[in-house]
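The values are calculated or read from the model by the stated rules, or taken from the named source; none is laboratory data. Just so it is clear, the model here is predicted, and its values are computed rather than measured. Because the Cβ atoms are built from the backbone with ideal geometry, glycine has one as well, and the counts that use them run over all protein chains shown. With ligands, DNA and RNA removed, areas are computed over all heavy atoms of the protein, side chains included. Shrake-Rupley method; radii C 1.70, N 1.55, O 1.52, S 1.80 Å.
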Amino acid sequence: MLFVKLYLQFLKIGLLGFGGGYMMIPLFFMDIVDRNNWLSHEEMFNIIAVAQTVPGTFATNTATLVGLHMGSIGYGVAAVLGVVTPALLIAYLADRYVRPYLGSPALQGILKGITAAVIGIIFATGLRMMHSAVVDAPTMITGLLAFVFFYSRRWNVAAATISAALAGMGLIYFFY
Amino acid sequence: MLPYLEEIARRELGADSDEFLQIMAVAQSFPGAMGINAAAIIGYRMGGWKGALAGVLGVTVPGVICASGLFVLLVLAAETSWLDIATTALKAAVVGIVLGMAVNLGNRSWKGYRNLLVGIAAMLLFYRFQISPVIILLGAGVLGYIFLSTPEAG
């Protein structure tokens, strides 16, 4: 049953998505593309790019688009429900039973280790995506612009992405 | 998103900034998008599991609708050549954002060489050797428990 498989797959991705949506990017490529062959690498990359530019949270936008690409809004709903299920568990269990221990050195140590690894994995994911997306001078300038726009912290993710992409479209148009 | 969440927590729960920061600490420490987790926690405190569900749907549905609408537009525009240019540019921009996000997070949370070592190790294991993120995160949790549990370890 594809609905159930999608739900479980996105539940797994949601449970591993420490540090927010960006940690989920490598999991999307691994589970949706490599393991299940539901989408091609190209399609997945396009979805990630679009999910980041529309309002709302990245994880659920991606889930919606994956479902739609696979042919039905029902798949999208199953995927969204899967990826938000951990949040519901956290609201109930973590806020009540784990919060008192959140300050303990042991738990803080574990979380620090995981956070450090998440940052490393996100950086590696960016490098991997760079190989397929940055292919010439215009795309390189576009990527650099997005980096600078976002890193300057004046703009949020969507504003930085859209501005850099618009500049990039102009560059590509005039370059070729 | 965060300022809105804080306003709701203040108005509906009477939470001060300290309490809101605690909610965010829980939301951030557990897997999943921080905004969705925080909405679920605030919703749960307001109205039990129904509140949590309402909170999650509230932050999720607008994006789902926007993404679906854009998807329909993209399907309609699939034959035009500018769409190709647009996705090429968008993908390049996303690379910059993802790298910027990693550097930003690193600046904020790498306060000692031990964190940096774990981060670099995770990057190499994933980038060069394609080790599964699940295994890397488990290993990092264990390393963190052993080496980062002391307050001076950053």
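Once both labels are positioned 7 Å from their Cα atoms along Cα-to-Cβ, the gap between A:Ser72 and A:Ala137 label points is 5.0 nm. Which loop trypsin sites (Lys or Arg not before Pro) in region A:93-176, with loop taken from DSSP, have no more than 14 other Cβ atoms within 10 angstrom of their Cβ? Passing both the DSSP loop test and the Cβ count: A:Arg153, A:Arg154.
Here the Karplus relation 6.51 cos²θ - 1.76 cosθ + 1.60, evaluated at θ = phi - 60°, turns the backbone of region A:22-28 into coupling constants of 5, 5, 7, 4, x, 5, 4 Hz, with x for every Gly and Pro. The equivalent ellipsoid that matches the C-alpha gyration tensor of the protein assembly as shown spans semi-axes of 31, 24, 19 angstrom, in descending order. Relative to the longest principal axis of the Cα atoms of chain A, helix A:2-16 runs at roughly 80 degrees.
Once all protein chains are placed together, B:Thr80 keeps about 60 Å² accessible to a 1.4 angstrom probe. The separation of region B:18-68 from region A:95-148, counted between C-alpha centres, amounts to 21 Å. Couplings 3J(HN,Hα) of region B:28-41, computed from phi: 7, 7, 10, x, x, 5, 4, x, 5, 4, 5, 4, 5, 5 Hz, in residue order, whole Hz [Karplus 6.51 cos²θ - 1.76 cosθ + 1.60, θ = phi - 60°; x for Gly and Pro]. In percent, rounded to a whole number, the relative contact order of chain A is 24, using alpha-carbon pairs under 8 Å and six or more apart. Is the shape of region B:1-54 best called rounded, prolate or oblate, per the rule: a/c under 1.5 gives rounded, else a/b larger than b/c gives prolate, else oblate, with a ≥ b ≥ c the square roots of the Cα gyration tensor eigenvalues? Oblate is the answer for region B:1-54, as a/c is 1.5 or above yet b/c matches or exceeds a/b. For chain B, a simple Cβ point-charge model (Lys and Arg +1, Asp and Glu -1, everything else neutral) yields a dipole of about 340 debye relative to the Cα centre. Kirkwood's formula applied to the C-alpha pairs of region B:34-110 gives a hydrodynamic radius of 15.6 angstrom. Accessible area per residue for chain B is 52 Å², calculated with a 1.4 Å probe on protein heavy atoms, without ligands, DNA or RNA.
Would you please state the base-10 log of I(q)/I(0) at q = 0.09, 0.14, 0.17, 0.19 1/Å for chain A, with intensities from the Debye formula using one equal scatterer on every alpha carbon? With one equal scatterer per Cα and no solvent, log10 I(q)/I(0) is -0.37, -0.86, -1.16, -1.32. The charge dipole of region B:1-76, taken about its Cα centre with unit charges on the Cβ atoms of Lys, Arg (+1), Asp and Glu (-1) only, comes to about 280 debye. Remark on A:Val135: its backbone amide H falls under 5 Å from those of A:Met140, a criterion applied only to residues 5 or more positions apart or on other chains, H modelled at 1.01 Å from N. The string of couplings for region A:84-89 from the Karplus curve (6.51, -1.76, 1.60, θ = phi - 60°) is 9, 4, x, 4, 5, 5 Hz, one whole number per residue in order, with x for Gly and Pro.
For the cross-link pairs A:Lys5/B:Lys111; B:Lys91/B:Lys111; A:Lys112/B:Lys50; B:Lys50/B:Lys91; A:Lys5/B:Lys50, the ones whose C-alpha atoms lie over 30 Å apart are A:Lys5/B:Lys111; B:Lys91/B:Lys111; A:Lys112/B:Lys50; B:Lys50/B:Lys91. Per residue, the protein assembly as shown reaches -25500 deg cm²/dmol at 222 nm when only DSSP H runs of four or more residues are counted, each adding -39500 (n - 2.57).
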